[in-house]
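Below is one structure, written out as structure tokens; the observations come after it.
The values are calculated or read from the model by the stated rules, or taken from the named source; none is laboratory data. Computed from a predicted structure; not experimentally measured. A quick note on method: Cβ atoms are made from the backbone with ideal geometry, for glycine too, and the neighbour counts reach across all protein chains shown.
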Amino acid sequence: MCYVVAVVWTLQLRPERRAATSARGCSTHGVSFGQSIVEGWMFSWRTEAVRLGLLITLCTSLFIMPFTTLLPVFVRDLLGVGATGQGAS
């Protein structure tokens, strides 16, 4: 049901008629996609709070998420217990 609501709300979105402006107040109409990506990475590297958030997300994505995804396989193959060994009864 949530997907239906999300699709309906997304279809109702309309683009703005005015030109977008960057944080510095200049028009971004002529800026290429690659240049805006590089500028975003440079901003995130200069801003300590953003850099810290990105590093925490990177560590979580590389080390914790694969472990939790493969945990049932570890329990079944390495420990030799099934769902009851994981705490499910």
* Asked: For region 39-72, which residues satisfy the criterion of being surrounded by fewer than 10 Cβ atoms within 10 Å (Cβ to Cβ) and among the small types (Gly, Ala, Ser)?
  -> ALA49
* Hey, among the residues in region 46-81 that are in a helix (DSSP H, G or I) and polar (S, T, N, Q), which one's modelled with the highest pLDDT? -> THR57
* Scan of region 27-37 for residues that are over 18 Å from the mean Cα position of the chain (by Cα) and either exposed (fewer than 11 other Cβ atoms within 10 Å of the Cβ) or modelled with pLDDT under 90 (or both), ordered by number -> SER27, THR28, HIS29, GLY30, VAL31, SER32, PHE33, GLY34
